[in-house]
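Novice: Got a structure for you, questions after.
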Amino acid sequence: MPENTPRSSTTTPFTTVLAALGALALTASLTACGGSAASDAAGVTVYSADGLKGENGDGWYDQVFADFEKETGIEVKYVEGGSGEMVQRALRETSNTQADVLVTLPPFIQQARGAGLLEPYEPKGADQVDDADKAADGSWTSVVNNYFGFVYNTKELTTPPATWEELLDDRYEGKLQYSTPGVAGDGTAVVIKAMHDFGGRQPAMDYLEKLQANNVGPSSSTSKLAPKVDKGELLVANGDVQMNYAQSKSMPNLGIWFPRTADGAPTTFALPYAAGLVKDAPQPDNGRKLLDYLLSREAQEQVSSVGGGFAVREDVEATDANAAELTELMDGVEVIEPDWDDIDANLQDYIDAWKTATGS
């Protein structure tokens, strides 16, 4: 602001008053403009399930966030946790919303939608995303496709466990862990997969009750389990293909496998990272810009080469080395399609049944 001009008399001329008022008006105008600039400078806050940020700053998020910041000048503020954990945090903050963008796995993205957490917005490029990978009302759109899986220590186990039943063996006592259903998306996927493979809720709970004898205990974050498997602290843990494949680049003893029953075939199902604009977001325009960027061709073309995942845009065909390895990994594995709406409607019942069966 301009310095005050020393008074030369005891009476202030009317013209001086006008000038001062004009200066104040100009200052207010500049402040208002600065408020808009500050709005962009305030950045965009992302609440996300873990898996897309690299252990060493080399993940898909690391790359696309840096590119986005360079292109737009908008700083990305990142908060990570389990899928259910992020939704619950956003729910607690509805009276003082902190997040602009929420990224989580099913069925928690459906849960967020049902709880009224998301503001419908269809990002640019969403027309290239399959209808199964986005909400009809525009409340969420998948940004990276992914699949449920397990990991094992390739140094201690020459081949992965063949079946779910094998995990009940004494050799896995204290050497097996899966992330907490209801808190972590991948942990919830364990329950969903068991219900499918064993033919219903009760048979699945009967099995998980037996498995509890070997289970180390709860874990709110699935990404923390792979390093333990790589070091041999665990022999087996749950996970997902994208996250574990990316982790295997720096964890040489990490292998991916897909559980089956004794008389069944290996199966998996899609666990896409789905993103939505948070209702009453503090920086909604910046949130929209980020969602647009995550679905841009530039970002999607890096999903496999940088992130070890699967692009959701149907007009992006990955031809990099990672894409070839991922295709080989998925060869012979049947992809099933859970009824996510049904799972969302009954999720708490399934989690309560799991808690009862395991004493958790």
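The values are calculated or read from the model by the stated rules, or taken from the named source; none is laboratory data. Since the structure is predicted, the reported quantities are computational estimates derived from the model, not experimental observations. Cβ: placed from backbone, ideal geometry, glycine included. Neighbour counts: every protein chain shown.
Novice: For region 159-210: of the residues being assigned to a loop (DSSP other than H, G, I, E, B), among the polar types (S, T, N, Q) and touching a residue at least 12 places away in the same chain (Cβ under 8 Å), which is nearest to Ala265 (Cα to Cα)?
Specialist: Thr163
Novice: For Phe258, indicate whether it is surrounded by fewer than 19 Cβ atoms within 10 Å (Cβ to Cβ) and within 25 Å of Asp331 (Cβ to Cβ).
Specialist: no
Novice: Go through region 146-158 and give me each residue that's crowded, with 21+ Cβ neighbours inside 10 Å and either over 17 Å from the mean Cα position of the chain (by Cα) or in a strand (DSSP E or B) (or both).
Specialist: Tyr147, Phe148, Gly149, Phe150, Val151, Tyr152, Asn153
Novice: Which condition number in (1) assigned to a helix (DSSP H, G or I); (2) over 29 Å from Ile74 (Cβ atoms) is the one that Pro259 fails?
Specialist: (1)
Novice: Within region 277-302, work out how many residues are under 30 Å from Thr319 (Cβ atoms) and either in a helix (DSSP H, G or I) or among the small types (Gly, Ala, Ser) (or both).
Specialist: Adding up the residues that qualify gives 11.
Novice: Would you mind stating whether Gln98 is assigned to a helix (DSSP H, G or I), in the same structural domain as Val278 (by TED's automatic domain parsing) and modelled with pLDDT of 95 or more? Spell out the reasoning first.
Specialist: On the way: assigned to a helix (DSSP H, G or I): no; in the same structural domain as Val278 (by TED's automatic domain parsing): yes; modelled with pLDDT of 95 or more: yes.
Spelling it out, it is not the case that Gln98 is assigned to a helix (DSSP H, G or I), in the same structural domain as Val278 (by TED's automatic domain parsing) and modelled with pLDDT of 95 or more.
Novice: Inspect all residues belonging to region 96-103 and state whether any of them is surrounded by 15 or more Cβ atoms within 10 Å (Cβ to Cβ) and under 20 Å from Lys224 (Cα atoms).
Specialist: yes
Novice: Hey, among the residues in region 303-347 that are free of Cβ contacts under 8 Å to residues at least 40 places away in the same chain and in a helix (DSSP H, G or I), which one's surrounded by the most Cβ atoms within 10 Å (Cβ to Cβ)?
Specialist: Step by step, filter region 303-347, then rank; the result is Ala323.
Novice: Taking region 135-153 as the region of interest, how many residues are touching an Asp or Glu at 6+ places or on another chain (Cβ under 9 Å) and touching a residue at least 40 places away in the same chain (Cβ under 8 Å)?
Specialist: 10
Novice: I would also like to ask the following. Of these, Glu209, Glu233, Glu301, which one is out of contact with any strand residue (DSSP E or B) (no Cβ under 8 Å at 6 or more places or on another chain) and assigned by TED's automatic domain parsing to the domain that holds Pro106?
Specialist: Step by step, each of Glu209, Glu233, Glu301 is checked, and only Glu301 is out of contact with any strand residue (DSSP E or B) (no Cβ under 8 Å at 6 or more places or on another chain) and assigned by TED's automatic domain parsing to the domain that holds Pro106.
Novice: Can you find a residue in region 248-258 that is without any contact (Cβ under 8 Å) to a residue 24 or more places away in the chain and among the β-branched types (Val, Ile, Thr)?
Specialist: no
Novice: Determine, yes or no, whether Ala90 is within 22 Å of Phe269 (Cβ to Cβ), assigned to a helix (DSSP H, G or I) and among the hydrophobic types (A, V, I, L, M, F, W, C).
Specialist: no
Novice: Does any residue of region 267-283 turn out to be surrounded by fewer than 17 Cβ atoms within 10 Å (Cβ to Cβ) and not assigned by TED's automatic domain parsing to the domain that holds Leu91? Reasoning before the result, please.
Specialist: Here is the first cut: in region 267-283, the ones surrounded by fewer than 17 Cβ atoms within 10 Å (Cβ to Cβ) are 280.
In the following step, the residues that additionally are not assigned by TED's automatic domain parsing to the domain that holds Leu91 were identified as none.
Among the residues of region 267-283, not one is surrounded by fewer than 17 Cβ atoms within 10 Å (Cβ to Cβ) and not assigned by TED's automatic domain parsing to the domain that holds Leu91, which makes the answer no.
Novice: Oh, and also: Considering each residue of region 116-132, count those that are within 30 Å of Pro218 (Cβ to Cβ) and surrounded by 15 or more Cβ atoms within 10 Å (Cβ to Cβ), and give that number.
Specialist: Start the filter on region 116-132 by keeping residues that are within 30 Å of Pro218 (Cβ to Cβ), which leaves 116-118.
Narrowing the set further to residues that are surrounded by 15 or more Cβ atoms within 10 Å (Cβ to Cβ) leaves 117-118.
So the count comes out to 2.
Novice: Could you pull out the residue among Leu271, Leu225, Leu234 that is under 18 Å from Pro107 (Cα atoms) and either hydrophobic (A, V, I, L, M, F, W, C) or in contact with a Cys (Cβ under 8 Å, 6 or more places away or on another chain) (or both)?
Specialist: Leu271
Novice: How many residues are under 21 Å from Gln98 (Cβ atoms), among the charged types (D, E, K, R) and either touching a residue at least 24 places away in the same chain (Cβ under 8 Å) or loosely packed, with under 14 Cβ neighbours inside 10 Å (or both) when one looks only at region 55-76?
Specialist: Summing the residues that are under 21 Å from Gln98 (Cβ atoms), among the charged types (D, E, K, R) and either touching a residue at least 24 places away in the same chain (Cβ under 8 Å) or loosely packed, with under 14 Cβ neighbours inside 10 Å (or both) in region 55-76 gives 1.
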